[in-house]
Amino acid sequence: MTKDVEVQGEYSAKDYQDPPPAPLFDLEELTKWSLYRAIIAEFIATLLFLYITILTIIGYNSQTDKNKGGTECDGVGLLGIAWSFGGMIFILVYCTAGISGGHINPAVTFGLFVGRKVSLIRAFLYIVAQSAGAISGAGLAKGFQRSYFERYGGGANFVQPGYNKGTALGAEIIGTFVLVYTVFSATDPKRNARDSHVPVLAPLPIGFAVFMVHLATIPVTGTGINPARSFGSAVIYNKEKIWDDHWIFWVGPLIGAFVAAVYHQYILRAAAIKALGSFRSNN
């Protein structure tokens, strides 16, 4: 029996191997159609994400407009807005995960780059595509509902009344940490190998993370945690107050993503210790 356990333990140890880290520069990627297909997928996914979520925000603000006889009880409410963001992320990550990885967020892309999951070239092109998609999605929303878009703020992020920029920055850092930490955990190949008997649909916890963070931070910043989402709205709405606060929605998410990547990869998964041990054994 002991021998059987030893054999089983040996098999389990060999059953999983850490995938090699992505190269910093991979010029060969530029010659592959799979990269450009992924970039198109990120662009379209971010466009759809902005279009649906901005129209949800505008619709809610219109339905609760007291000048039109609305009340706080009308419309989908903050809960519905949070579901809109979380649900769209669930749908779009599910649709694009097999093509681009389903990032749809420069902070997620940056976190995965820090964790050596994507190359610098792919990360840069993804962020460009996400930003362009966000601008296009916000522009599409304005095109369909121009008067409502201008009247109800265009779904743009800014520091809400009663909060200062320090509080808003902290909310964006922590909120993005929750999201990116969830992304790393839900897509961890070791978890998939070890718990293969437990079917985990990765987009589901990622969508729920977005939903929960929105519940907590909509009253503070309107919830960014996605620089492309904030950037697209800011470009199309284009008001001074929005641009004054806009740096928060890049700096906060990028810090949160960086901390989440370091925490998961180098503390929980002990990547630095494994690399050191491999280096010593090779010597």
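The values are calculated or read from the model by the stated rules, or taken from the named source; none is laboratory data. Predicted, not measured: the structure shown is a model, and the values here were computed from it. Cβ coordinates were reconstructed from backbone atoms using ideal geometry, including for glycine residues, and neighbour counts include every protein chain displayed. We work out accessible area using only protein heavy atoms, side chains counted, and drop any ligands, DNA or RNA first. Shrake-Rupley method; radii C 1.70, N 1.55, O 1.52, S 1.80 Å.
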Dipole of the chain [Lys/Arg +1, Asp/Glu -1 at C-beta], most positive-end residue of PRO19, ILE81, VAL235: VAL235
Spin-label pair TRP247/SER147, simplified geometry with 7 Å Cα→Cβ offset, distance in nm: 3.9 nm
Exposure rank, largest accessible area first [ILE267, ILE255, ILE57; 1.4 Å]: ILE267, ILE255, ILE57
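Say the cut-off is 32 Å between C-alpha atoms; which of LYS165/LYS190; LYS117/LYS241; LYS66/LYS241; LYS66/LYS165 go over it?
Working: LYS165/LYS190 39 Å; LYS117/LYS241 36 Å; LYS66/LYS241 23 Å; LYS66/LYS165 28 Å.
Over 32 Å Cα-Cα: LYS165/LYS190; LYS117/LYS241.
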Heavy-atom accessible area ranking, 1.4 Å probe, most first, across GLU172, GLU28: GLU28, GLU172
Anisotropy class of the chain from Cα gyration tensor, a/c 1.5 cut: prolate
Dipole magnitude of the chain, debye to nearest 20 (Cβ charges: Lys/Arg +1, Asp/Glu -1, about Cα centre): 200 debye
Pairwise label distance in nanometres, LEU268 with GLU240, each label 7 Å out on the Cα-Cβ vector: 4.4 nm
Heavy-atom accessible area order for TRP243, TRP83, TRP33, TRP250, largest first, 1.4 Å probe: TRP33, TRP83, TRP243, TRP250
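Can you show me the helix-derived [θ] at 222 nm for the chain, built from DSSP H runs with n ≥ 4 at -39,500 (n - 2.57) apiece and divided by the number of residues, rounded to the nearest 500. Don't jump to the answer; show the numbers that get you there.
Working: 13 runs with 196 residues, N = 283.
One gets -22500 deg cm²/dmol as the mean residue ellipticity at 222 nm.
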